[in-house]
């Protein structure tokens, strides 16, 4: 998702609505509160199992938004 898409979706909501991150894995549900949003440079990478990752580096070719969360 790009920032523009996220902003458009959030702009359509009431400004007093709570925002949480929801993760479902099998029968388990987890909720996370948003602690911080930051813009970070680095290099997108994939590990040996093809899972996405990111190498933080101020001179990297990509800029990503990172959302820091903690369990609710």
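Are any residues in the range 45-57 part of a strand (DSSP E or B) and under 24 Å from residue 22 (Cα atoms), and if so, which ones?
If we filter the range 45-57 for residues that are part of a strand (DSSP E or B), which is where we start, we get 45-46, 52-56.
If the condition is that a residue be part of a strand (DSSP E or B) and under 24 Å from residue 22 (Cα atoms), then 46, 52, 53, 54 are the ones that fit.
Condition first: touching a residue at least 60 places away in the same chain (Cβ under 8 Å), assigned to a strand (DSSP E or B) and under 12 Å from the mean Cα position of the chain (by Cα). Can you find one or more residues in the range 58-71 that meet it? I'd like the intermediate steps shown before the answer.
Step one: list which residues in the range 58-71 are touching a residue at least 60 places away in the same chain (Cβ under 8 Å), which gives 65.
Subset that is assigned to a strand (DSSP E or B): 65.
Subsequent filtering for residues that are under 12 Å from the mean Cα position of the chain (by Cα) retains 65.
Yes, the range 58-71 contains at least one residue that is touching a residue at least 60 places away in the same chain (Cβ under 8 Å), assigned to a strand (DSSP E or B) and under 12 Å from the mean Cα position of the chain (by Cα).
The numbers here are math on the coordinates, done by the rules we state, and not lab data. Computed from a prediction, not measured in an experiment: that's the story for all the values here. Don't worry about glycine lacking a Cβ; one is built from the backbone with ideal geometry, like all the others, and counts go over all protein chains shown.
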